[in-house]
Structure formats: C-alpha cells, structure tokens
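Encoded as structure tokens, the structure appears first; notes follow it.
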2 protein chains.
Amino acid sequence: MQIAILLYPGFTALDAIGPYQTLNPLPDAEVLFVAERAAPVTDDNGTLTLTPRKTLTEVPDPDIVVVPGGPPENVQPQMANPAVLDWLRAADAHTTWTTSVCTGSLLLAAAGFLKGRRATSHWLALDALQGLGAEPTGERVVFDGKYVTAAGVSSGIDMGLTLAGKIAGDPYAQGIQLMIEYDPQPPYDAGSPEKAPAELVEKFRSEESEEAEAAQA
Amino acid sequence: MQIAILLYPGFTALDAIGPYQTLNPLPDAEVLFVAERAAPVTDDNGTLTLTPRKTLTEVPDPDIVVVPGGPPENVQPQMANPAVLDWLRAADAHTTWTTSVCTGSLLLAAAGFLKGRRATSHWLALDALQGLGAEPTGERVVFDGKYVTAAGVSSGIDMGLTLAGKIAGDPYAQGIQLMIEYDPQPPYDAGSPEKAPAELVEKFRSEESEEAEAAQA
C-alpha cells in the first residue's frame with residue numbers, strides 16, 4: 001500500500017506529519033514524501049526542510065494521496081501548477097483514498113475532485129473552498145466517497161487515525177493511537193472558531209481579509 | 001528567543017514537529033533544528049529526512065532546548081554520545097526552558113538534569129526514566145523548575161501550547177491553538193494505557209520486553 005504525501009514550497013509541517021505518523025504504522029504501508037522535483041522542500045516558516053523520497057513522475061499510482069495545506073499564498077501557486085494538478089488527477093484515477101489536511105483541500109478542489117462534495121478545510125478557508133464548488137461542513141474530518149478532507153493543521157492526526165481504522169480495523173488503529181500516546185489534553189479550549197475567544201477569531205479574520213486584499217492589489 | 005530542536009538518527013517525527021508547530025509562532029522566536037553534523041537526519045521509520053539548520057557547536061546557548069524521543073534503540077546511542085551530552089549540559093547552563101517529548105526525557109536524564117525531579121516519558125519508558133533517577137508521574141506534561149517533559153509522541157503539542165502560554169500569555173497561546181485548529185477529536189479513546197483496551201497494552205508491553213531482552217543478549 002503506497003501512500004504519497006505531497007510536498008511543495010511553503011507547506012505546513014504538521015499538516016504532513018500528522019497523517020504520516022498515523023498512517024505509516026499500517027500493515028504493508030510504504031509512505032513516500034513526493035515533490036515535483038528531487039530537491040529538499042522548505043515549509044511555510046522557512047525553517048523545516050524535508051527531503052522528498054521520489055518525484056511525482058516516479059509515483060504515478062499511489063493507493064493513498066495526502067495533500068497538506070499551507071498559507072493561501074503558498075497553496076495558490078500549486079492550484080495553478082500543471083505538474084501538480086496533472087499528477088493529482090492521474091493518481092486519483094487509481095487511488096483508494098484521496099485526502100487532504102487544512103488548505104490542501106483547495107488543491108483537491110482545484111483538481112476538480114470536490115465539485116458538489118462535502119468537504120472541509122482550515123476554518124479561514126471554508127469560503128474559498130465553497131468558491132471552488134465544494135460544500136463545506138463544520139466537521140473536523142469529512143468523508144465523501146473516497147475523498148477525505150480534514151480541518152486545519154492538527155486535524156490530520158484525527159484524519160489519519162480514522163482512515164487507519166477503516167483500512168486496518170479499529171483495534172489496529174487504537175494500537176497506533178496508544179503508541180503515539182494520543183490522549184490530547186490541550187491547556188485551552190480555543191481550537192475552533194466556535195470555542196476560541198471571539199476577539200481572537202475576529203483578529204485572524206481581519207488579518208486574512210487584509211492579506212487577501214493585498215494579494216489582489 | 002532561540003529554540004533549538006535536537007535531531008539525531010532515528011528520532012520520531014511528530015515528537016519534534018508538535019513543539020515546532022506550537023512554539024515557532026511565538027514572538028521573536030527563532031527555531032533551529034540542530035544536529036551533531038551538518039547533514040540530513042532520517043527518522044525512526046527511515047522515511048522522513050530533515051535538514052538541520054545548524055550543528056550543535058553553532059548553537060551553544062539557545063533559550064529553549066527541545067529533545068524529541070525515538071524508539072529505545074535509537075535513543076540509547078545518544079545517551080552515550082559525548083557530543084550530544086556535552087552540548088546538552090553546556091546549553092542547559094543558559095536555557096530558560098529545557099524540554100523533551102517522549103523518550104527524549106531519557107536523554108535529559110542521562111545528561112543529569114532529572115535527578116530527583118518529577119518528569120514523564122512515553123508510557124513504555126517510565127520504568128527506564130525511574131531507573132535514571134527521575135520521579136515519573138502519570139501526567140501528560142510535567143513541569144519541574146525549568147525542566148518540562150511530555151509523554152509519548154503527540155503530547156509535544158500540548159507541551160508546546162502550555163509553554164507558549166507561560167512565555168507569551170494565555171491569549172497568545174490560544175491564538176496559536178486556533179490557527180493550528182487544535183480541537184482534537186480522536187476517533188477512539190485509546191490514547192493512554194489507562195484508556196486503551198487491556199490486551200493492546202499487554203501486547204505492546206510484551207513486545208517491548210522482548211526487544212529489551214534481545215538487545216541485552
């Protein structure tokens with residue numbers, strides 16, 4: 001079972017690592033970090049540099065595709081990158097599961113996979129997702145057929161575990177959860193726009209709007 | 001504020017990325033992945049390869065040290081590696097916080113930091129931690145003075161957020177939580193040995209014992 005995790009300049013690290021850490025222990029899983037070119041790829045902070053195992057052309061038909069997200073300005077170039085879109089479409093013709101974390105769903109939508117489908121994304125990107133023809137939901141992990149989308153950044157852990165259970169059964173997935181000791185105890189209950197202080201939500205929404213306007217100007 | 005995350009062959013990816021993703025957004029934070037040598041470092045699955053930004057000698061006095069864990073056979077060589085132990089001890093003389101995730105605490109203990117201190121580790125490594133003179137607790141994130149240790153793998157997210165709150169205040173840390181949408185919804189409640197099915201716990205304990213015996217033989 002080949003699992004390809006797409007890397008591109010400016011991806012968000014935990015988006016990729018959550019699914020990686022939860023899917024890699026699956027029986028017979030071969031996880032491959034893949035990228036357009038055979039060169040190290042740096043994340044959205046310019047801090048973390050990952051080496052892809054293979055180029056896209058070397059992994060034409062993975063069983064599972066995982067597309068991590070990143071800030072809009074990093075995802076948008078990929079939404080117009082024929083090399084990435086063509087690979088996604090060709091791979092998707094064979095996948096068992098095509099998945100994304102965070103704004104990775106915008107890339108799935110750009111490839112044409114999410115038209116009329118229930119899906120999710122980072123909470124700040126739900127409007128953009130709708131603009132691309134998907135039907136955003138407020139759920140953390142959304143299954144629609146073989147398309148699985150997860151909410152922002154850390155939700156890839158929940159997606160990976162859920163998918164692991166569907167693939168290898170509940171006891172196996174529980175074993176993965178136990179070994180990564182995923183018994184979350186966040187010090188705050190501010191992990192969604194519904195739960196976080198309203199002024200924080202408003203602050204990030206304003207910043208996002210300003211950045212979007214600046215990008216269009 | 002310089003934050004050094006130690007890389008070594010066979011570390012566990014999420015151990016490093018959880019704190020990275022939660023501490024990097026702190027004001028004036030400069031996160032540096034550091035390693036003994038200036039060469040890419042591969043994780044415990046042989047799948048993920050990270051490029052360190054700096055060598056240990058180039059980062060002598062970080063404000064925060066983060067030591068990720070890994071399987072015992074990967075951590076043990078570092079517990080006897082003078083380059084790593086000497087760096088840890090010299091750095092610790094200046095740090096504001098010295099931290100670990102998972103079996104990274106065994107390395108802190110080997111460096112002599114945890115003698116008589118409350119600390120934690122991966123649930124399968126608590127006996128080993130005690131054997132090194134620490135006082136293991138069942139908590140997920142343990143503060144004892146400036147030493148902060150977290151439980152297995154995924155607990156580094158909770159540790160990072162908790163530390164972010166102490167450094168930059170609760171609202172700032174809540175903002176980090178909101179932006180990584182850390183509103184965990186695991187599909188199972190099997191993330192600790194107290195909560196997981198007993199047969200799973202027993203299975204992993206037996207495997208661990210067998211591996212330990214094989215290593216001693």
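The values are calculated or read from the model by the stated rules, or taken from the named source; none is laboratory data. Being a predicted model, the structure only gives us computed values, none of them experimental. Neighbour counts run over all protein chains shown; Cβ positions are idealised from the backbone, glycine included.
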Helices (runs of 4 or more DSSP H) enclosed by the stretch B:6-99 - at least 2 residues per element that are polar (S, T, N, Q) and at pLDDT 95 or above: B:13-23, B:72-79
Every residue in the stretch B:149-207 that is β-branched (Val, Ile, Thr) and part of a loop (DSSP other than H, G, I, E, B), please. B:Val153, B:Ile180
Being within 19 Å of A:Tyr147 (Cβ to Cβ), polar (S, T, N, Q) and within 18 Å of the chain's Cα centre (by Cα): is that true of A:Gln21 here? no
Checking B:Ser206 against (1) under 17 Å from B:Gly18 (Cα atoms); (2) of a type outside the set (Lys, Arg); (3) not assigned by TED's automatic domain parsing to the domain that holds B:Pro25, only one condition comes out false. Which one? (1)
Meets criteria (crowded, with 22+ Cβ neighbours inside 10 Å and among the β-branched types (Val, Ile, Thr)) for B:Thr120: yes
So the check is Cβ under 6 Å with 6+ separation or different chains; which pairs have a first residue in the stretch A:1-17 that's under 17 Å from A:Pro60 (Cα atoms) and a second one that's surrounded by fewer than 24 Cβ atoms within 10 Å (Cβ to Cβ) and among the aromatic types (Phe, Trp, Tyr)? A:Ile5/A:Phe33; A:Leu7/A:Phe33
Could you grab me the full set of residues in the stretch B:62-109 that are buried (at least 20 other Cβ atoms within 10 Å of the Cβ) and over 16 Å from B:Ile5 (Cα atoms)? B:Ala109
I'd like to check something: does the stretch B:149-167 contain any residue that is surrounded by fewer than 22 Cβ atoms within 10 Å (Cβ to Cβ), small (Gly, Ala, Ser) and at the interface with chain A (Cβ under 7 Å from one of its Cβ atoms)? yes
Considering only residues that are over 17 Å from A:Ile180 (Cβ atoms) and either touching a residue at least 60 places away in the same chain (Cβ under 8 Å) or of a type in the set (Gly, Ala, Ser) (or both), which ones fall in the stretch B:139-157? B:Gly145
How many of the residues making up the stretch B:24-44 are within 12 Å of chain A (Cβ to nearest Cβ) and free of Cβ contacts under 8 Å to residues at least 24 places away in the same chain? 3
With respect to B:Leu14, determine if the residue is under 27 Å from B:Asp183 (Cβ atoms), in contact with a strand residue (DSSP E or B) (Cβ under 9 Å, 6 or more places away or on another chain) and buried (at least 24 other Cβ atoms within 10 Å of the Cβ). yes
Among (1) touching a Gly at 6+ places or on another chain (Cβ under 8 Å); (2) surrounded by fewer than 19 Cβ atoms within 10 Å (Cβ to Cβ), where does B:Gly112 come up short? (1)
Check off (1) farther than 25 Å from A:Met1 by Cα; (2) of a type in the set (Gly, Ala, Ser); (3) assigned to a helix (DSSP H, G or I) for A:Ser121 and give me the number that stays unchecked. (3)
Is it the case that A:Leu23 is in the same structural domain as A:Met159 (by TED's automatic domain parsing), more than 19 Å from A:Gln76 (Cβ to Cβ), crowded, with 24+ Cβ neighbours inside 10 Å and aliphatic (A, V, I, L, M)? yes
Give me the residue from the stretch A:52-61 that is within 21 Å of A:Val75 (Cβ to Cβ) and within 14 Å of chain B (Cβ to nearest Cβ) and, out of that set, nearest to the chain's Cα centre (by Cα). A:Pro52
